[in-house]
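One structure below.
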Amino acid sequence: MELTIALAKGRLAKFAIELFSKCGIDTSQLREDTRKLVVYDKKNELRFVLVKPSDVPVYVYRGVADIGIAGKDTLLEEGLPLYEMLDLKCGKCKVCVAGYPEQKERITSNITRVATKYPRIAKMYYDEKGEGIEIIKLNGSIELAPILDLSDVIVDIVESGTTIRENGLTILEEVCDISARLVVNQVSLKTKAEKIQPLIEKMKIALEDM
């Protein structure tokens, strides 16, 4: 019974490769400098599909992949019903509201203008607070929005906070913690439990040594 794993290209890939390697999985093809998008560990009946980070939840939800590794920010933004099985403790950062220190005094409207790459996360956060917002979806240079008065605040991922500070902004509120998570398709967890559960246990053990 073959198991398909969706892996995000980029920063999570290296960590995922090391993790699976510690679980006794052949990751040699994943380490090759290649443009292949599908690679195999035939001995362990595993297939890896390499996709964009934002696509991992979609592949797993649709059942094309049985399990996947994605950042919590991606999972929250997609909002798909998946089983979140492990916090891999990798890529730790926070989603924050940032703006000028005197921001609360500057906002004169009942509707706060929020620039963000994460409209769903921003909406959920402000909905919980009972505050009305206007979401301005951007794909890059989020910090420019309050500087040029396109928005009152931004909602974005913050790691060191250096970019925020260098642009004269400050963190006003913390929305949630972010890290890489292992997610599983709901049907696969039932139909392929004998394959998935042992792998999860191996990953738990391997994480202790990383």
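The values are calculated or read from the model by the stated rules, or taken from the named source; none is laboratory data. Source: prediction; values computed, not measured. For neighbour counting, all protein chains shown are included, and Cβ atoms are generated from backbone atoms with ideal geometry for every residue, glycine included. Only protein heavy atoms, including side chains, enter the accessible area calculation; ligands, DNA and RNA are left aside. Shrake-Rupley method; radii C 1.70, N 1.55, O 1.52, S 1.80 Å.
Before moving on, here are some points about what is shown:
- Within the accessible surface of the range 1-82, defined with a 1.4 Å probe on protein heavy atoms only, the carbon and sulfur portion equals 48 percent.
- The chain: equivalent-ellipsoid semi-axes (sqrt of 5 x gyration tensor eigenvalues, Cα, Å): 38, 17, 14
- Listed residues Ser141, Ser21, Ser151 arranged by accessible area, highest first, probe 1.4 Å: Ser141, Ser21, Ser151
- Under 26 Å of direct C-alpha separation, and excluding same-chain neighbours fewer than eight residues apart, Lys94 reaches these lysines: Lys9, Lys14, Lys52, Lys72, Lys104, Lys117, Lys123, Lys129, Lys137, Lys204.
- Averaging the sequence gap over all C-alpha pairs within less than 8 Å and six or more residues apart, then dividing by the number of residues, gives the chain a relative contact order of 28 percent.
- Table column - 3J(HN,Hα) (Hz), the range 197-207, Karplus curve with 6.51, -1.76, 1.60, x for Gly and Pro: 4, x, 5, 4, 5, 5, 5, 4, 5, 5, 5
- Angle in degrees between helix 11-22 and the longest Cα principal axis of the chain, rounded to the nearest 10: 30 degrees
- For GluC sites (Glu not before Pro), the sites in the range 39-78 that DSSP calls loop and that have at most 12 other Cβ atoms within 10 Å are Glu45.
- Crossing angle, helix 119-129 versus the chain [Cα axis fit, 0-90 degrees, rounded to tens]: 60 degrees
- Distance from the alpha carbon centroid of the range 158-178 to that of the range 48-124 works out to 16 angstrom.
- Global form of the range 43-154, assessed from the alpha-carbon gyration tensor, a/c cut-off 1.5: prolate
- Ranked packing of 174-187, 29-42, most packed first, by mean Cβ within 10 Å: 174-187, 29-42
- In the context of the full set of protein chains, residues of the chain present 53 Å² of accessible surface per residue (probe radius 1.4 Å, heavy atoms only).
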